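Engineer: Once you've had a glance at the structure underneath, I'll fire off some questions.
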Amino acid sequence: MSFLLEPLSYEFMQRGMIAAVLVGIVCAVVGTFVVLRGMAFFGDALAHTILPGIALGYLVSGGARDQLFWWALGTAIVASLGIGAISKNSHIKEDTAIGIIFAGMFALGIALISTVRSYAVDLSHFLFGDVLSVSAQSLWLILIFGGLVLLVLFAFYKEFTTISFDPILAATLRLPVDLLNNLLLVLIAVTVAVSLQTVGVALMVAMLVTPAATAYLLTNRLSRMMLLAAIFASLSGVIGLYLSYYLSIASGAAIVLTATFFFLVVFGWRRVNQM
Amino acid sequence: MYPHTHHQTNQPILDVSHLAVRYNGRNALEDITFHLHAGERVAIVGPNGAGKSTLIKAIAGVLQPSSGDVNIYGSHPDTHVCIGYIPQRSQVDWNFPVTVADVVMMGRSAKLGPFNWPRKKDWDFVNHALETVEISDLASRQISQLSGGQQQRMFIARAIAQESELMLMDEPLTGLDTPSQEGILNLLDRLKQEKVTVMVATHDLDQAASHFDRVLLLNHRIVAFDVPQNVMQTNNLIQAYGGRLRSTENGNVLAVDDCCDDEHV
């Protein structure tokens, strides 16, 4: 028992647990649409694209972490709509266009951060997350914005399902397809900003994709897929943090590794059952 | 919030005039002019790449014409929710985690409006639609578990739940076995009794001739549009299909094009 309780006697562990679970749930539910619509690469690119925004905020505020959420949020929304527009109006293939923008922006972010002397430590926090340093204020921001994302997603649940399954049907039903597509991009962007401190830029796509993909293997109902994904993500957050505490490994990596482990187990179990 | 248009019932359900659609720098459709009456059943036939899918999408209002007009009961299709579009089965993600009832309920999205969840009335529409196409027992199945014919019935049910008055079907019979094809054709008979206007793109000239009121023979332009026996004349068919024609033993003419995957406009 004390094995489980001891880490929770630290306030930073309590906050970290809550943050990991909240972020896990939001990422998993939004990630369901990311998986079904084949937007994993977009999600990965979007997460990387916000680095220059974070870097700028970091330089402007002289290293204060609490302001960074707003910089991440602003950059993520602009970047998501920008990538959406480029991938629609380009002569170049969509994934190439996204690749060019995302690598360029990511390099710009690294360049900006590298002007600061202690950059290696800070950069690694942005890249891989640092859930154990989540402040009470950050926790509130995660709760409010994460809640908002879920609220909008459920308000437009039937519309998002329809445009994802059959865009032509959505068009003949005269649903505002472009508006809804952009709204979904913005929701993914907010999710990315909310998750920044937990898993960081480089591991973000795992939180968006892995729990949802695990759930996809187990059910063929959308609502159940969301629920299962949220459960896998929450468990990954909690178990990951315990692993991080006892094995002294980076928290973001521990969470993602746990989620990946769940995926591999379910994948293997399905394979064995089908044989 | 979502648009609804009132019908001018003194106008034809579908009126296409001088429609042209350019696609990838070439004319997919040119100078298409025809109109349909409510309750009519029309087959669109023509060789691969003739523009059948393009015509259907332009009528549905999901593809903008480069010139000309499409009118549904006197106004442009982009504000009508009475057009049921039934996609080619090859263009659907059958692993999407939804049940048959979920898909049919999607047809209610427009009538429901934003922020509303399905009410009893909507479930009544869905159940009635599933009964009409005789797949009520499959309502809670995941869509990948359906046979080809059942998949097609599900989409027709969705169009019924949508309360569509004009159903546009892109190759609904392609890839189905003969009993399933007969089942779908019988279903179209039933829709006719309910005054639903149906336009079906098909490869099968025999079926087009035997099950439809009129046939629209298309090859970028309208080659012929009339009752089947007037359209299925050798000179018309040669004009549409060129050398890709062949006579069968019983004297029927068969168009030789067995692939249909190059027409995804």
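Engineer: Using +1 on the beta carbon of Lys and Arg, -1 on that of Asp and Glu, and nothing else charged, what's the dipole of region A:2-274 about the Cα centre, debye to 20?
Structural biologist: Numbers: 12 positive and 11 negative charges, 103 e Å.
Charge dipole, region A:2-274, about its Cα centre: 500 debye, nearest 20.
Engineer: To continue, here is another question. How long is region B:153-218 along each principal axis, judged by its Cα atoms, biggest number first, in Å?
Structural biologist: Per principal axis, max minus min of the Cα coordinates gives 29, 24, 19 Å.
Engineer: Express the Stokes-Einstein translational diffusion coefficient of chain B in µm² s⁻¹, to the nearest whole number, given a Kirkwood radius over alpha-carbon pairs, 37 °C and a viscosity of 0.692 mPa s.
Structural biologist: Values: Rh = 19.1 Å.
Translational D for this selection: 172 µm²/s.
Engineer: Determine the principal axes of the Cα atoms in region B:1-151, then give the extent along each, sorted from largest to smallest and rounded to whole angstroms.
Structural biologist: 45, 35, 29
Engineer: DSSP loop (so not H, G, I, E, B), at most 16 other Cβ within 10 Å: list which trypsin sites (Lys or Arg not before Pro) in region B:210-245 pass both filters.
Structural biologist: Values: sites: B:R214, B:R221, B:R244; in loops: B:R244.
Sparse-neighbourhood loop trypsin sites (Lys or Arg not before Pro): B:R244.
Engineer: Tell me the volume per residue, in Å³, of the convex hull enclosing the alpha carbons of region A:117-275. Display every interim value, and only then the final one.
Structural biologist: Details: hull volume 22.4 nm³, N = 159.
Per residue, the Cα convex hull of region A:117-275 comes to 141 Å³.
Engineer: Mean separation of Cα pairs under 8 Å and 6+ residues apart, divided by the residue count of chain A: what relative contact order is that in percent?
Structural biologist: Numbers: 401 pairs, mean separation 87.3, N = 275.
Once divided by the residue count of chain A, the mean separation gives 32 percent.
Engineer: Please work out whether the protein assembly as shown counts as rounded, prolate or oblate from its C-alpha gyration tensor, where a ≥ b ≥ c are the square roots of the eigenvalues and a/c under 1.5 means rounded, while otherwise a/b larger than b/c means prolate and anything else oblate? Please list the in-between numbers first.
Structural biologist: Details: a/c = 2.52, a/b = 2.11, b/c = 1.20.
Prolate shape, in that a/c is at least 1.5 and a/b is the bigger ratio.
Engineer: Sticking with this one: Relative contact order for region A:12-97 using alpha-carbon pairs under 8 Å, separation at least 6, rounded to a whole percent?
Structural biologist: Values: 40 pairs, mean separation 18.2, N = 86.
About 21 percent, as a whole number.
Engineer: Same structure, new question: Name the residues whose placed amide hydrogens come within less than 5 Å of the amide hydrogen of B:L218, ignoring near sequence neighbours (fewer than 5 apart) on the same chain.
Structural biologist: Amide H neighbours of B:L218: B:V45, B:G46, B:V223.
Engineer: How long are the semi-axes of the equivalent ellipsoid of region B:68-122, taking √(5λ) for every eigenvalue λ of the Cα gyration tensor, in whole Å from largest down?
Structural biologist: On the way: eigenvalues 124, 72, 14 Å².
Ellipsoid semi-axes (Å, largest first): 25, 19, 8.
Engineer: What are the lysines whose alpha-carbon lies under 19 Å from the alpha-carbon of B:K120, with same-chain residues fewer than 8 places away excluded?
Structural biologist: A:K158, B:K111
Engineer: Let me ask something additional. Which cross-chain or sequence-distant (5 or more) residues have an amide H under 5 Å from the amide H of B:V81, H modelled 1.01 Å from N in plane?
Structural biologist: Residues meeting the criterion, in which the H sits 1.01 Å from N, are B:T5.
Engineer: Same structure again: Have a look at A:F42, A:V29, A:S164 and report the one farthest towards the positive end of the charge dipole of chain A, computed about the Cα centre with Cβ charges (Lys/Arg +1, Asp/Glu -1).
Structural biologist: A:S164
Engineer: For B:L29, what residues show an amide H to amide H distance below 5 Å, using hydrogens built from the backbone and excluding near sequence neighbours?
Structural biologist: B:V21
Engineer: May I ask for the Kirkwood hydrodynamic radius of region B:96-164, worked out over all distinct Cα pairs and given in angstroms to one decimal? Write out the running numbers ahead of the final one.
Structural biologist: Numbers: mean 1/r = 0.0852 Å⁻¹.
Kirkwood radius, region B:96-164: 11.7 Å.
Engineer: Let me ask something else about it. So for region B:17-79, what percent of the C-alpha to C-alpha distances run longer than 16 Å? Don't jump to the answer; show the numbers that get you there.
Structural biologist: On the way: 863 of 1953 pairs.
Here the tail beyond 16 Å accounts for 44 percent of pairs.
Engineer: A further question on this structure: Dipole of the protein assembly as shown, Cα-centred, from +1 at each Lys and Arg C-beta and -1 at each Asp and Glu C-beta, to the nearest 20 debye?
Structural biologist: Details: 33 positive and 42 negative charges, 214 e Å.
Taking the Cα centre of the protein assembly as shown as origin, the dipole is about 1020 debye.
Engineer: What percent do you get for the relative contact order of chain B when only Cα pairs under 8 Å and 6+ apart count?
Structural biologist: The value is 26 percent.
Engineer: Something else about it: Dipole magnitude of region B:96-164 about its Cα centre, charges +1 at Lys/Arg Cβ and -1 at Asp/Glu Cβ only, in debye to the nearest 20? Provide the component values of the computation, followed by the final result.
Structural biologist: Values: 8 positive and 7 negative charges, 42 e Å.
Once rounded to the nearest 20, the dipole reads 200 debye.
Engineer: Oh, and also: Put a dot 7 Å past each Cα toward the Cβ at A:L217 and A:L179; how far apart are the dots in nm?
Structural biologist: 4.0
Engineer: Based solely on its DSSP helices, what 222 nm [θ] is calculated for chain A when runs of n ≥ 4 H residues each add -39,500 (n - 2.57) and the sum is averaged over all residues, nearest 500 deg cm²/dmol?
Structural biologist: -27500 deg cm²/dmol
Engineer: Using +1 at the Cβ of each Lys and Arg and -1 at the Cβ of each Asp and Glu in chain A, identify which of A:L184, A:M105, A:S244 lies farthest towards the dipole's positive end.
Structural biologist: A:L184
Engineer: Semi-axes, largest first, in whole Å: what does sqrt of 5 times each Cα gyration tensor eigenvalue give for region A:2-274? It would help to have the intermediate numbers written out before the result.
Structural biologist: Working: eigenvalues 160, 126, 54 Å².
Three semi-axes, in Å: 28, 25, 16.
Engineer: I've got another one for you. Could you tell me which helices of chain A pass both thresholds, a Cα extent of 27 Å or more along their own axis and a mean Kyte-Doolittle hydropathy of at least -1.0, with helices taken as whole DSSP H runs?
Structural biologist: Working: long enough: A:11-36 (37 Å, 1.92); A:68-88 (30 Å, 1.42); A:94-113 (29 Å, 1.80); A:136-155 (28 Å, 2.36); A:177-216 (30 Å, 1.80); A:222-247 (36 Å, 1.52); A:251-274 (35 Å, 1.07).
Result, helices passing both filters: A:11-36, A:68-88, A:94-113, A:136-155, A:177-216, A:222-247, A:251-274.
Engineer: Please list the equivalent ellipsoid semi-axes of region A:39-116, computed as the square roots of five times the alpha-carbon gyration tensor eigenvalues, in descending order and whole angstrom. Walk me through the numbers on the way to the answer.
Structural biologist: Numbers: eigenvalues 124, 32, 14 Å².
Largest first, region A:39-116 gives 25, 13, 8 Å.
Engineer: Which whole-percent values make up P(r) of region A:128-202 when all C-alpha to C-alpha distances are grouped in 10 Å steps starting at zero?
Structural biologist: All Cα pairs, binned at 10 Å, distribute as 18, 39, 25, 15, 3 percent.
Engineer: Also: Considering just Cα atoms, how many Å³ per residue does the convex hull of region B:82-209 enclose? Don't skip to the answer; put the middle values down first.
Structural biologist: Details: hull volume 13.5 nm³, N = 128.
Spread over its residues, the Cα hull of region B:82-209 gives 106 Å³ apiece.
Engineer: With each pseudo-label sitting 7 Å past Cα toward Cβ, what's the A:A120-A:Q67 distance in nm, one decimal?
Structural biologist: Reported label-point gap for A:A120 and A:Q67 is 2.7 nm.
Read the figures in this text as sums done on the coordinates, not as results from a lab. Quantities reported herein were computed from a predicted structural model and do not represent experimental measurements. Note that each Cβ is placed from the backbone with ideal geometry, even for glycine, and that neighbours are counted across all protein chains shown.
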